[in-house]
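> Please read through the structure below; I'll follow up with questions.
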Ligand SMILES: *Cc1c(COP(=O)(O)O)cnc(C)c1O
């Protein structure tokens, strides 16, 4: 208990200080505690420490864990999603961070419409153009957005990225910056009334740099729960 509470307290302090230093309002930054491979009791400890939004990556694991919690907790899907798993995801999650193809978006739209629900999504961008990572390429983003904006049952809330890993987080800065610029440059071409308010970027190793560069959603696991086994 104490370790998780301490980690969260320290993390919140760091987030607050960094936001202020960057001239940003700390309230506009959402902390998602990534609880993949973390046990129920640890998640409860984090909940008691004030965390209200958790992130999961694996559908099978999420289907076992999420129903054990009350509905006051929000769950975000941060991991890759296959089209054939969408049916499980809709009732469990309030936001999907990993939409990267029109086929996936269409499936979400169809299922959400059936359930008379609107699913909040982010479009995942492969900003480092890495073969090993999911996400639409920066070049493919405008077209995908145009198609996704027209779908029913989906509310596009912004962009998400997993940049290349560097041990020195300063090396990640250009990728975060590129994400913000990509978002800002798209704004004039979005349909009337639409914006992309959220930038989901920053993990345990680089969240402070992500805050500097405009992140509004931080996805943090290790710095809260410790190293995953
Ligand atoms: C696991 C994971 C995280 C959390 O990473 P940490 O280094 O543990 O903070 C964030 N985003 C995604 C997509 C993940 O899969």
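The values are calculated or read from the model by the stated rules, or taken from the named source; none is laboratory data. Bear in mind the structure is a predicted one, so any value in this text is a computation, not a measurement. Note that we place each Cβ from the backbone using ideal geometry, even for glycine, and neighbour counts take in every protein chain shown.
> Scan the range 20-48 residue by residue and report those that are assigned to a loop (DSSP other than H, G, I, E, B), within 16 Å of the ligand (Cβ to nearest atom) and surrounded by 13 or more Cβ atoms within 10 Å (Cβ to Cβ).
Step one: list which residues in the range 20-48 are assigned to a loop (DSSP other than H, G, I, E, B), which gives 22-25, 29, 35-39.
Now narrow it down to the ones that are within 16 Å of the ligand (Cβ to nearest atom): 29, 35-39.
Answer for the range 20-48, where residues must be assigned to a loop (DSSP other than H, G, I, E, B), within 16 Å of the ligand (Cβ to nearest atom) and surrounded by 13 or more Cβ atoms within 10 Å (Cβ to Cβ): 29, 35, 36, 37, 38.
> Taking the condition of being part of a loop (DSSP other than H, G, I, E, B), within 16 Å of the ligand (Cβ to nearest atom) and surrounded by 14 or more Cβ atoms within 10 Å (Cβ to Cβ), how many residues in the range 67-93 meet it?
Matching residues across the range 67-93 total 5.
> Just checking, how many residues over the range 129-163 are part of a loop (DSSP other than H, G, I, E, B) and touching a helix residue (DSSP H, G or I) at 6+ places or on another chain (Cβ under 7 Å)?
Kept after step one, since they are part of a loop (DSSP other than H, G, I, E, B), are these residues of the range 129-163: 129-135, 137-140, 150-153, 162-163.
Subset that is touching a helix residue (DSSP H, G or I) at 6+ places or on another chain (Cβ under 7 Å): 138, 151-153, 163.
Going through the range 129-163 one residue at a time, the tally reaches 5.
> Can I ask one more? Within the range 154-170, which residues are buried (at least 18 other Cβ atoms within 10 Å of the Cβ) and more than 14 Å from the ligand (Cβ to nearest atom)?
Correct list: 154, 156, 157, 158.
> Could I ask something else about it? For the range 184-200, name all the residues that are more than 9 Å from the ligand (Cβ to nearest atom) and buried (at least 21 other Cβ atoms within 10 Å of the Cβ).
Within the range 184-200, 198, 199 meet the criteria.
> May I pose another question? Checking residue 176 against (1) surrounded by fewer than 21 Cβ atoms within 10 Å (Cβ to Cβ); (2) at pLDDT 95 or above; (3) more than 12 Å from the ligand (Cβ to nearest atom); (4) in a helix (DSSP H, G or I), which test does it fail?
(1) is the only condition that residue 176 fails.
> Follow-up. Looking only at the range 214-229, count how many residues are touching a residue at least 12 places away in the same chain (Cβ under 8 Å), within 16 Å of the ligand (Cβ to nearest atom) and assigned to a loop (DSSP other than H, G, I, E, B). Quick ask: steps written out before the conclusion?
Start the filter on the range 214-229 by keeping residues that are touching a residue at least 12 places away in the same chain (Cβ under 8 Å), which leaves 214-226, 228-229.
In the following step, the residues that additionally are within 16 Å of the ligand (Cβ to nearest atom) were identified as 215-226, 228-229.
Filter once more, so that each one left must be assigned to a loop (DSSP other than H, G, I, E, B): 215-216, 221, 226, 228-229.
Summing the residues that are touching a residue at least 12 places away in the same chain (Cβ under 8 Å), within 16 Å of the ligand (Cβ to nearest atom) and assigned to a loop (DSSP other than H, G, I, E, B) in the range 214-229 gives 6.
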